[in-house]
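The values are calculated or read from the model by the stated rules, or taken from the named source; none is laboratory data. Keep in mind that what you see is a predicted model, and the values were worked out from it rather than measured. Counting neighbours? That spans all protein chains shown, and the Cβs are built from the backbone with ideal geometry, glycine included.
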Amino acid sequence: METTLGLGSIRLILVCGDITEQETEAIVNAANPGLMGGGGVDGAIHRKGGPDILNECKIIRKRYPDGLPAGQAVITTGGALKAKKVIHTVGPVWHGGNDKEPQLLADAYKNSLKVAIENGIKTISFPSISTGAYGYPVEKASVVALNAVIGFLEKFDGIEEVRFILHSSHDLAIYEWALTGIIRKAG
């Protein structure tokens, strides 16, 4: 099951799947600040991508001795993944929504897209950032994510395809609901 929306010449795709299996030029890693792998999406990407990703993350960490701040994004090789590059971003931990979580989450998506454009990447796949271990409610995160990505794509050229790779059919349905609401509001 897949939902595709055309935004001019850009394709926005929502699909249930495995982020590590995407063949876009880059995938986004919902990383922890340490950039050393871990659980969830982060651990899966590091395991499947192999040691080259971790080695580049160790070099990047020297610039961020306290860890990559929430909302920021950096890029490494894709190692053994189908995607040639991994853009690592740190989403916010959910604290009820009154601790800048929506802004930090939007920044994670926008800064990932900015890094993609700076590196000539035209196709990119995102997971649902912060909705796993970080506890961000997917109903709220989906609206922030889609608004951030669509808003960015309306202002900047260079991206041809953005895929949201959702972990479950439940999350896919929520993202489809959020996208429908955004389209209605814009229309």
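Taking the criterion of being crowded, with 24+ Cβ neighbours inside 10 Å and either of a type in the set (Val, Ile, Thr) or under 19 Å from residue 119 (Cα atoms) (or both), the residues of segment 79-94 that qualify are 83, 86, 87, 88, 89, 90. Looking across segment 39-66, the residues that are loosely packed, with under 15 Cβ neighbours inside 10 Å and under 18 Å from residue 130 (Cβ atoms) come down to 39, 43.
Of the residues 173, 145, which is in a helix (DSSP H, G or I), surrounded by fewer than 18 Cβ atoms within 10 Å (Cβ to Cβ) and at pLDDT 95 or above? Break it down stepwise before answering.
Values: 145 fails: surrounded by fewer than 18 Cβ atoms within 10 Å (Cβ to Cβ).
Just one listed residue meets the conditions, 173.
Scanning segment 148-170 for residues that are of a type in the set (A, V, I, L, M, F, W, C) and surrounded by fewer than 21 Cβ atoms within 10 Å (Cβ to Cβ), we see that the one that is farthest from the chain's Cα centre (by Cα) is 156.
Within the set 101, 118, the sole residue that is of a type outside the set (Gly, Ala, Ser) and surrounded by 22 or more Cβ atoms within 10 Å (Cβ to Cβ) turns out to be 101. Among the residues of segment 178-186, are any buried (at least 19 other Cβ atoms within 10 Å of the Cβ) and either more than 22 Å from residue 71 (Cβ to Cβ) or at pLDDT below 95 (or both)? Yes: one or more hits. Criterion applied to 37, 67 was being at pLDDT 95 or above and either under 22 Å from residue 105 (Cβ atoms) or hydrophobic (A, V, I, L, M, F, W, C) (or both), and the one residue passing it is 67. Take residue 38 and decide whether it is part of a loop (DSSP other than H, G, I, E, B) and over 21 Å from residue 175 (Cβ atoms). Yes.
Does any residue of segment 3-21 turn out to be in contact with an Asp or Glu (Cβ under 9 Å, 6 or more places away or on another chain), of a type outside the set (Ser, Thr, Tyr) and closer than 14 Å to residue 84 by Cα? No, segment 3-21 contains no residue that is in contact with an Asp or Glu (Cβ under 9 Å, 6 or more places away or on another chain), of a type outside the set (Ser, Thr, Tyr) and closer than 14 Å to residue 84 by Cα. Reported count of residues in segment 43-90, each being assigned to a strand (DSSP E or B), free of Cβ contacts under 8 Å to residues at least 40 places away in the same chain and under 15 Å from the mean Cα position of the chain (by Cα), is 1.
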